[in-house]
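Report on the structure given below.
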Amino acid sequence: MFPVPSADASLQLLLNQEWRAPVLDMVLPLFSSRIALLVIIAVAIVWRSTLRGKDQAAYFIVLALAMGVSDLGCNVVKHEVPRLRPQHSVVGTYYRDSGVWQRVPEGYKIDRVRDTSFPSAHAANSMAFALLCALFWPKLRRAVWALPVMVGWSRVYLGKHYPVDVLGGWVLGACVGLLCWFIWKRLAPRLKLAARPDDLYRPSLVPPGCG
């Protein structure tokens with residue numbers, strides 16, 4: 001069984017059981033919703049395609065593929081690492097079941113030997129997404145990192161993961177994002193596309209005397 005370091009357990013206790021508030025109970029589950037993320041991506045595709053042309057869809061396809069690869073990578077690791085989720089192993093852990101908040105009761109007896117806690121696929125996917133967004137659209141670099149932070153926090157808050165699971169997901173997602181970026185930079189010229197979307201739309205120089 002994958003061990004739980006004392007620092008990992010302490011931080012899980014802090015984020016899941018002590019730092020709680022009604023507003024967090026409502027907001028943080030949204031950052032664990034894959035449907036919400038897909039809706040955001042779909043809206044962004046329509047918006048960018050309307051503004052800049054249908055070629056914009058290619059960049060979002062790369063984002064989707066990166067998240068798919070990171071998700072697959074997490075599943076491979078999870079198969080080899082039998083670590084129990086906090087909601088199945090830690091007394092007092094808050095978790096949601098069918099939209100209702102519940103808590104692991106005192107005297108809870110662990111009834112499983114395997115689970116899928118390490119690493120967090122949500123954390124990995126959000127990191128791969130954020131990293132590629134920062135590389136595609138440099139103006140987003142300062143803001144986009146809030147996404148993996150909030151997603152990671154939500155996974156611990158929801159009792160799905162320990163902080164180390166989130167950290168492992170971030171590392172895996174970053175590696176996948178960088179790999180996809182390096183592949184895309186080589187592939188984009190063959191598709192007659194720029195590595196970064198906005199490089200396609202740099203204003204041309206005005207000939208002398210035409211200003």
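FYI, it's all coordinate maths here, none of it is from the lab. Please read these numbers as outputs of a predicted model, since none were measured by experiment. All Cβ positions, glycine included, derive from the backbone under ideal geometry; neighbour counts span all protein chains shown.
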TODO: Let me know the charge dipole size of the range 69-117 about its Cα centre in debye, to the nearest 20, where only the beta-carbon of Lys, Arg (+1) and Asp, Glu (-1) is charged.
DONE: 60
- [ ] Would you please put 119-125, 109-115 in order of how densely packed they are, using the mean number of other Cβ atoms within 10 angstrom per residue and starting with the highest?
- [x] 119-125, 109-115
- [ ] Choose one of Gly107, Ala123, Val144: the residue whose Cα lies farthest towards the positive end of the charge dipole of the range 104-153 (beta-carbon charges +1 Lys, Arg; -1 Asp, Glu; about the Cα centre).
- [x] Val144
- [ ] For the chain, build the charge dipole from Cβ charges (+1 Lys, Arg; -1 Asp, Glu) around the Cα centre, then report which of Gly168, Ala194, Gln12 sits farthest towards its positive end.
- [x] Ala194
Open item on the list: So for each of 78-88, 54-64 I average, over its residues, the number of other beta carbons within 10 Å; can you give me the resulting order with the highest mean first?
Closed with: 78-88, 54-64
Open item on the list: Past 24 Å, Cα to Cα: identify those pairs from Lys78/Lys139; Lys139/Lys185; Lys78/Lys160; Lys109/Lys160, in the order given.
Closed with: Lys78/Lys139
Task: the range 42-106 - convex hull of the alpha-carbon atoms, volume per residue in Å³ - done: 113
Open item on the list: Checking the a/c ratio against 1.5 first, then a/b against b/c, what shape does the Cα gyration tensor give for the range 82-128?
Closed with: oblate
Open item on the list: Tell me the angle of helix 57-80 to the major Cα principal axis of the chain, expressed in degrees between 0 and 90 and rounded to the nearest ten.
Closed with: 30
Open item on the list: About the Cα centre, and with charges only on the beta carbon of Lys, Arg (+1) and Asp, Glu (-1), how big is the dipole of the range 1-83? Nearest 20 debye, please.
Closed with: 320
- [ ] In Å³ and rounded to a whole number, note down the convex hull volume per residue for the Cα atoms of the chain.
- [x] 150
Task: the chain: calculated mean residue ellipticity at 222 nm from DSSP helix runs of at least 4, using -39500 (n - 2.57) - done: -18000 deg cm²/dmol
Task: GNM top mover of Arg141, Arg34, Arg186 - the chain, alpha-carbon springs below 10 Å - done: Arg186
Task: Cα-based reach from Lys192 at 16 Å (exclusive), listing aspartates and glutamates while leaving out same-chain residues under 8 positions away - done: Asp55
Open item on the list: Can you compute the charge dipole magnitude of the chain about its Cα centre, using +1 on each Lys and Arg Cβ and -1 on each Asp and Glu Cβ, nothing else charged? Give it in debye, rounded to the nearest 20.
Closed with: 720
